[in-house]
1. Only residues that are within 12 Å of another protein chain (Cβ to nearest Cβ) and surrounded by fewer than 24 Cβ atoms within 10 Å (Cβ to Cβ): list them for the stretch A:197-207, please.
2. So which helices (runs of 4 or more DSSP H) are wholly in the stretch A:99-176 and hold at least 3 residues that are closer than 30 Å to A:Ile258 by Cβ and at pLDDT below 80?
3. Do you know which residues across the stretch B:26-45 are closer than 20 Å to B:Val98 by Cβ and either at pLDDT 95 or above or among the aliphatic types (A, V, I, L, M) (or both)?
4. Does B:Ile141 qualify as being within 14 Å of chain A (Cβ to nearest Cβ), surrounded by 17 or more Cβ atoms within 10 Å (Cβ to Cβ) and not in a helix (DSSP H, G or I)?
5. Among the candidates B:Glu184, B:Glu251, B:Glu267, B:Glu161, which residue alone is buried (at least 20 other Cβ atoms within 10 Å of the Cβ), modelled with pLDDT under 90 and among the charged types (D, E, K, R)?
6. I need the full set of residues from the stretch B:144-186 which are more than 12 Å from chain A (Cβ to nearest Cβ), among the charged types (D, E, K, R) and not in a strand (DSSP E or B), in order please.
7. Inspect the stretch A:243-255 for any residue being of a type in the set (Lys, Arg) and under 21 Å from A:Arg92 (Cβ atoms) and give the result as yes or no.
8. Return only the number of the condition from (1) closer than 18 Å to B:Glu83 by Cβ; (2) over 11 Å from the mean Cα position of the chain (by Cα); (3) at pLDDT 95 or above that B:Leu61 does not satisfy.
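The values are calculated or read from the model by the stated rules, or taken from the named source; none is laboratory data. The model shown is predicted, which means the values in this text are computed figures rather than measured ones. Note that we place each Cβ from the backbone using ideal geometry, even for glycine, and neighbour counts take in every protein chain shown.
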Amino acid sequence: MIVYHLIVGGVGSKGYAYFPLFVPLLFPVSIVGFRNLVTCAIMFGSNAPGRVRVNPEAITIKGIRQGLLVTLAEEDRIGGNWHTDLLALEERLGANPAFFRGGRVALDVGTRELSRSDLEQTRSLLDRHQVELWAVVGTSPTTEAAAQELGLVIDLGPARPAAPEAVPEEAAGEGEEQLAADGLVVRRTLRSGQSLRHPGHVVVVGDVNPGAEVVAGGDIVVWGRVRGVVHAGALGDEKAVICALDLAPTQLRIASRIARSPEDKRRKPVPEMASVQDGHIVAEPWQGR
Amino acid sequence: MAARVITITSGKGGVGKTTIAANLSVALAMSGHRVVVIDADVGLRNLDMMLGLENRIVYDLVDVIEGRSRLRQALVHDKRLPELFLLPAAQTRDKSAVQPADMVRVCDELREQHDYIMIDSPAGIEQGFRYAIAPADEILIITNPEVAAVRDADRVVGLIEAEEKGPARLIINRINPDMVRRGEMLGIADVIELLAIDLIGTVPEEPDILVSANRGRPLAFSPDGCLAGQAFHNIARRLQGEDVPFLTLREQGMLGRLFSFVRAGGESS
């Protein structure tokens with residue numbers, strides 16, 4: 001059970017006094033759980049190969065310039081069944097709902113030969129997790145044709161995505177869409193409506209304006225002001241930290257914990273680092289060591 | 001000389017895009033340039049009224065795009081100035097009637113004969129915004145000193161950066177000097193700090209702007225003795241590359257300066 005800790009903090013003159021409010025958000029969590037169950041049941045039903053072994057590790061996730069690239073490993077195919085793959089995908093999405101929610105995904109299916117209804121199922125699965133499927137890449141002409149019929153992009157190449165605002169521009173310069181999974185440096189200001197998602201660490205050289213969001217699997221370092229929503233450790237890492245020259249976000253999230261900034265405006269911004277301590281998000285002024 | 005295409009946009013509605021498009025067009029035309037101002041707000045056209053040209057429209061932008069009229073036929077000449085033309089929007093259609101490529105084509109055709117093409121973008125970030133910025137060489141973002149308008153402007157700046165249309169320049173409209181002084185309104189510095197783009201002008205809030213718009217005679221026609229009218233002409237001069245000092249001090253108002261002077265004097269004694 002995920003319990004969100006909503007922390008209303010006040011800044012004392014000698015440090016930080018926090019008044020935690022425990023708000024268990026049972027509802028959305030149980031909904032996700034329920035959906036998982038339902039979907040699994042349907043899949044097993046139509047599948048009926050008895051026991052299906054699912055290996056979510058066979059799904060790799062990378063940050064690309066247009067969002068996330070989800071790659072399904074070839075060797076994970078058990079009996080060549082797309083339903084098995086979907087099951088693995090579902091499990092992966094369900095494990096870290098916060099990381100994927102609101103994101104855009106390109107799916108690399110490799111050599112799999114998929115029909116239009118396979119892809120429709122995939123898209124509705126992603127829809128349920130509030131993830132937009134915008135591209136399907138693969139080597140099979142059948143799959144490509146089916147994807148095109150559904151209006152999906154089949155080439156991640158230099159073509160501009162439909163919503164180019166959600167793009168870390170620096171990645172464009174790489175030519176290749178793949179970035180190292182561990183770190184992403186974005187050298188610009190993230191503006192309202194822009195969203196940056198990356199499974200690894202994220203460094204923003206610039207501001208994160210109100211209305212913008214950064215969701216990272218690892219740490220987030222902002223060399224600038226943070227006014228929007230930042231979510232570190234979104235894949236469940238409670239040890240993730242958020243550092244900024246001026247940390248005044250709309251919301252601060254680490255793993256499954258959520259905190260707001262203190263109401264009172266600090267007159268002079270100081271560099272701060274936020275981390276989870278004893279189950280609470282705590283922000284402390286950065287001290288050179 | 002090929003024209004410069006300048007799109008005026010904001011994200012949020014009601015911040016003064018059309019007013020500024022009308023006034024800047026008048027100011028540029030008054031300094032001798034050949035100006036076409038295009039109303040890109042198909043379905044909700046207002047620019048013609050603000051320029052007092054509503055009753056002279058025969059053809060519109062969509063007629064041109066769909067081939068019912070030649071471009072020259074659709075241009076409405078503002079007779080108060082030798083070189084000011086309006087290309088009106090269609091009122092009976094909607095934004096889906098225009099594609100970004102259509103606007104590029106129309107502007108390319110106008111470029112030869114004119115110096116400036118101003119495009120008054122509709123509010124929002126959908127189709128209308130997309131086709132309004134498609135042909136732009138330069139973009140002016142209008143905002144008001146209020147959090148919602150600035151937030152939307154920030155969104156638009158982000159979209160423009162993604163389209164590689166920037167860098168956009170900023171006009172802060174409707175500055176109320178009294179409210180800024182009382183700390184009830186975002187200051188110019190606050191807005192610039194957040195948006196981090198170049199400021200090309202500020203326009204104070206003045207009732208005359210509204211009155212002149214209702215009369216169909218933009219304030220820029222008679223700028224003497226009014227700050228907003230001067231502000232429009234200053235922005236027009238900056239667009240032409242002139243280095244015009246900002247009216248920032250005067251935005252406090254003459255009375256305000258006097259008061260702060262008196263206060264400062266009082267404190268020192």
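1. A:Gly206, the sole residue that qualifies.
2. Values: elements: A:116-128, A:141-149, A:169-173.
So the answer is A:169-173.
3. Those that are closer than 20 Å to B:Val98 by Cβ and either at pLDDT 95 or above or among the aliphatic types (A, V, I, L, M) (or both): B:Val36, B:Val37, B:Ile38, B:Asp39, B:Ala40, B:Asp41, B:Val42, B:Leu44.
4. Details: within 14 Å of chain A (Cβ to nearest Cβ): yes; surrounded by 17 or more Cβ atoms within 10 Å (Cβ to Cβ): yes; not in a helix (DSSP H, G or I): yes.
Here the answer is yes, as B:Ile141 does meet what is asked.
5. Numbers: B:Glu184 fails: buried (at least 20 other Cβ atoms within 10 Å of the Cβ); B:Glu267 fails: buried (at least 20 other Cβ atoms within 10 Å of the Cβ); B:Glu161 fails: modelled with pLDDT under 90.
The unique qualifying residue is B:Glu251.
6. B:Glu146, B:Asp178, B:Arg181, B:Arg182, B:Glu184
7. Keep residues of the stretch A:243-255 that are of a type in the set (Lys, Arg), which gives A:253.
Those still in the list that are under 21 Å from A:Arg92 (Cβ atoms) too: A:253.
So far as the stretch A:243-255 goes, yes, one or more of its residues are of a type in the set (Lys, Arg) and under 21 Å from A:Arg92 (Cβ atoms).
8. All conditions pass for B:Leu61, except number (1).
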